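*Asks:* Below is a structure I'd like to ask you about.
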Amino acid sequence: MRMSVIGCGYLGAVHAASMSELGHDVVGIDVDEQKVAALASGEAPFFEPGLGELLQRALASGRLRFSTDLADAHGNDVHFVAVGTPQKNGENAADLRYVDAAVEGLIPWLRPGDLVVGKSTVPVGTARRLAERIAKSGSGASLAWNPEFLREGFAIEDTLRPDRLVYGLAVDGGQAKAALDEVYAAALGAGTPLVVTDYETAELVKVAANAFLATKISFINAMAEVCEAAGADVTQLADAIGHDARIGRRFLNAGLGFGGGCLPKDIRAFMARAGELGADQALTFLREVDRINMRRRERAVDLAREMLGGSILGRRIAVLGLAFKPNSDDVRDSPALNVSAQLALQGAAVLCHDPKAIPNARKRFPELSYVDSIQEAVRDADAVMVLTEWDEYRDLDPHELGATVSQPIVIDGRNCLDATAWRDAGWRYRALGRPRDVRSMALV
Ligand code: UGA
């Protein structure tokens with residue numbers, strides 16, 4: 001199929017390259033000239049495993065190109081809208097200006113029978129409004145809403161082999177369904193479940209999924225708070241309840257909580273939209289989910305203070321990890337970066353390391369100190385804090401590291417280190433939601 005992808009951020013760039021991999025003829029369009037130039041030369045403008053190779057393959061095949069001009073959408077059959085919907089400044093609601101601008105900009109280039117496909121995460125009601133706008137434009141095009149569930153770090157795999165497809169269609173959306181079936185023929189052929197809904201349900205599926213994931217993480221982090229108070233171990237608790245297939249162990253990792261460009265802003269926009277619809281009471285629990293999540297960051301700072309004898313002022317702290325999760329260079333609402341900034345603002349000398357996220361972190365917090373190697377970060381440190389669970393931190397040798405620090409104190413903000421190994425190597429090990437001593441370890 002011939003298709004356009006408007007917006008070449010995380011979602012759009014991966015979608016454009018993946019669609020071309022599937023054999024479609026794709027033009028990716030973005031207003032950011034630098035981004036378009038990078039993509040056109042086969043360079044991923046952000047870190048995503050496999051994206052560089054996929055882009056180069058797609059560009060070489062001649063089935064993928066990039067442009068800054070919406071006129072290049074003309075002549076394509078399907079137009080994906082994959083622009084960002086960030087949180088509004090000073091408000092919980094989502095900012096729809098980019099979605100609106102993309103659709104407005106596209107309208108003059110639409111032909112009768114074209115299909116505009118919304119992929120961005122939007123407040124429920126947006127699709128119907130945009131469908132009316134397109135209908136009024138007289139272009140003869142129609143609209144479908146096709147939410148995206150890809151995870152950063154697994155974006156290509158999630159796009160090529162999604163765990164489900166959702167089409168939000170108008171009542172007369174037969175043609176739209178046929179077009180989307182052609183777009184996703186490979187996934188459908190492989191048995192991917194398809195759920196066909198109206199616009200509103202499709203929009204809600206997306207935010208409900210993210211709200212559920214956020215709630216699951218905050219649930220286990222609430223358990224972590226109770227475990228800390230009671231001297232219990234949240235990682236063992238998660239393992240034990242996770243064996244119940246109805247609960248499941250995935251997304252039950254207690255620690256610093258969720259961040260990134262999606263979960264935090266999506267639950268806030270969801271609450272704001274429910275309020276507008278008069279259903280705010282239904283989602284007040286999400287306020288608590290947000291609060292539990294933000295409290296974990298404060299707790300990590302408090303734990304550092306506690307372990308450093310009551311004050312972090314002037315103490316040297318090595319921070320390992322700045323990205324909001326491993327295998328990503330994304331620091332949007334990153335719990336790790338938030339904790340690093342709090343430590344620095346409270347007077348600690350913070351040396352930060354991350355395998356990929358330093359350039360993005362430096363843009364947001366230029367006043368923090370960044371180093372290129374773990375060794376540089378930990379040298380003479382009074383405490384080491386692991387705040388993103390990159391494999392290279394999990395694999396650290398606590399004996400080797402112990403020889404370079406000033407004091408062997410480690411705070412495991414992601415419950416990703418082997419507590420016994422670190423304690424056996426002489427470290428004072430503490431983690432969020434786990435006992436301060438080795439009581440529960442001794443039982444094993
Ligand atoms: C999330 C959803 O998982 C995707 O399905 C969705 O498509 C995407 O948002 C989106 O709306 O675009 P992503 O933001 O890439 O994907 O990250 P997740 O893997 O969901 O992780 C979010 C945060 O939760 C991270 O900070 C991670 O460290 C944290 N997390 C995750 C935990 O603290 N504990 C867990 O057990 C799992």
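The values are calculated or read from the model by the stated rules, or taken from the named source; none is laboratory data. Not measured: the values here are computed from a predicted model. Because the Cβ atoms are built from the backbone with ideal geometry, glycine has one as well, and the counts that use them run over all protein chains shown. To get the accessible areas, we keep the full protein, side chains included, count just its heavy atoms, and leave off ligands, DNA and RNA. Shrake-Rupley method; radii C 1.70, N 1.55, O 1.52, S 1.80 Å.
*Asks:* Considering only residues that are touching a residue at least 24 places away in the same chain (Cβ under 8 Å) and under 20 Å from R151 (Cα atoms), which ones fall in region 40-66? Don't jump to the end; show me each part of the working.
*Replies:* Step one: list which residues in region 40-66 are touching a residue at least 24 places away in the same chain (Cβ under 8 Å), which gives 40, 44-51, 54-55, 57-58, 61, 63-66.
Listed by number, the residues that qualify are A44, P45, F46, F47, E48, P49, G50, L51, L54, L55.
*Asks:* A further question on this structure: Here is a list: G12, G7. Which entry is at pLDDT 95 or above, open to solvent by less than 10 Å² (accessible area, probe 1.4 Å) and touching a helix residue (DSSP H, G or I) at 6+ places or on another chain (Cβ under 8 Å)?
*Replies:* Working: G12 fails: touching a helix residue (DSSP H, G or I) at 6+ places or on another chain (Cβ under 8 Å).
None of the other options fit; the residue is G7.
*Asks:* Restricting attention to region 18-53, which residues are in a helix (DSSP H, G or I) and closer than 19 Å to A179 by Cα? Even if it seems obvious, please write down each step before you answer.
*Replies:* The initial filter retains those residues of region 18-53 that are in a helix (DSSP H, G or I), namely 18-21, 33-40, 51-53.
Selection gives S18, M19, S20, E21.
*Asks:* Related question: Among R296, R291, which is among the basic types (K, R), open to solvent by less than 40 Å² (accessible area, probe 1.4 Å), within 16 Å of the ligand (Cβ to nearest atom) and assigned to a helix (DSSP H, G or I)?
*Replies:* Unique residue meeting the criteria: R296.
*Asks:* For region 142-152, state whether one or more residues are more than 18 Å from the chain's Cα centre (by Cα) and open to solvent by 30 Å² or more (accessible area, probe 1.4 Å). Quick ask: steps written out before the conclusion?
*Replies:* Filtering region 142-152 for residues more than 18 Å from the chain's Cα centre (by Cα) gives 142-146.
Among the residues that remain, those that are also open to solvent by 30 Å² or more (accessible area, probe 1.4 Å) are: 142.
Yes, some residue in region 142-152 is more than 18 Å from the chain's Cα centre (by Cα) and open to solvent by 30 Å² or more (accessible area, probe 1.4 Å).
*Asks:* Check I317, I312, I267 and return the single one that is β-branched (V, I, T) and under 21 Å from the mean Cα position of the chain (by Cα). Write out each step before concluding.
*Replies:* On the way: I317 fails: under 21 Å from the mean Cα position of the chain (by Cα); I312 fails: under 21 Å from the mean Cα position of the chain (by Cα).
Criteria check complete, one pass: I267.
*Asks:* Right, next: Could you please find all residues in region 234-264 being on the phi > 0 side of the Ramachandran plot and near the ligand (Cβ under 6 Å from one of its atoms)?
*Replies:* Taking region 234-264 as the starting set, the residues that turn out to be on the phi > 0 side of the Ramachandran plot are 248, 251, 255, 257, 260.
Answer for region 234-264, where residues must be on the phi > 0 side of the Ramachandran plot and near the ligand (Cβ under 6 Å from one of its atoms): F251, G255, G257, G260.
*Asks:* In this structure, does D418 turn out to be open to solvent by 50 Å² or more (accessible area, probe 1.4 Å), over 25 Å from G257 (Cβ atoms) and in the same structural domain as V301 (by TED's automatic domain parsing)? Write out each step before concluding.
*Replies:* Numbers: open to solvent by 50 Å² or more (accessible area, probe 1.4 Å): yes; over 25 Å from G257 (Cβ atoms): no; in the same structural domain as V301 (by TED's automatic domain parsing): yes.
When the stated conditions are applied, D418 does not pass them.
*Asks:* Could you check how many residues of region 353-408 are within 16 Å of the ligand (Cβ to nearest atom), polar (S, T, N, Q) and assigned to a loop (DSSP other than H, G, I, E, B)?
*Replies:* 1
*Asks:* So, one more: Could you grab me the full set of residues in region 98-126 that are over 21 Å from the mean Cα position of the chain (by Cα), under 30 Å from R291 (Cα atoms) and either modelled with pLDDT under 95 or not polar (S, T, N, Q) (or both)?
*Replies:* Here is the first cut: in region 98-126, the ones over 21 Å from the mean Cα position of the chain (by Cα) are 100-117, 125-126.
Pick out the ones that are also under 30 Å from R291 (Cα atoms) and you get 125-126.
The one that is over 21 Å from the mean Cα position of the chain (by Cα), under 30 Å from R291 (Cα atoms) and either modelled with pLDDT under 95 or not polar (S, T, N, Q) (or both): G125.
*Asks:* Let me ask you something else. Would you point out the residue of region 82-97, among those that are outside any loop (DSSP other than H, G, I, E, B) and surrounded by 15 or more Cβ atoms within 10 Å (Cβ to Cβ), that is modelled with the lowest pLDDT?
*Replies:* Taking the candidates together, the pick is Q87.
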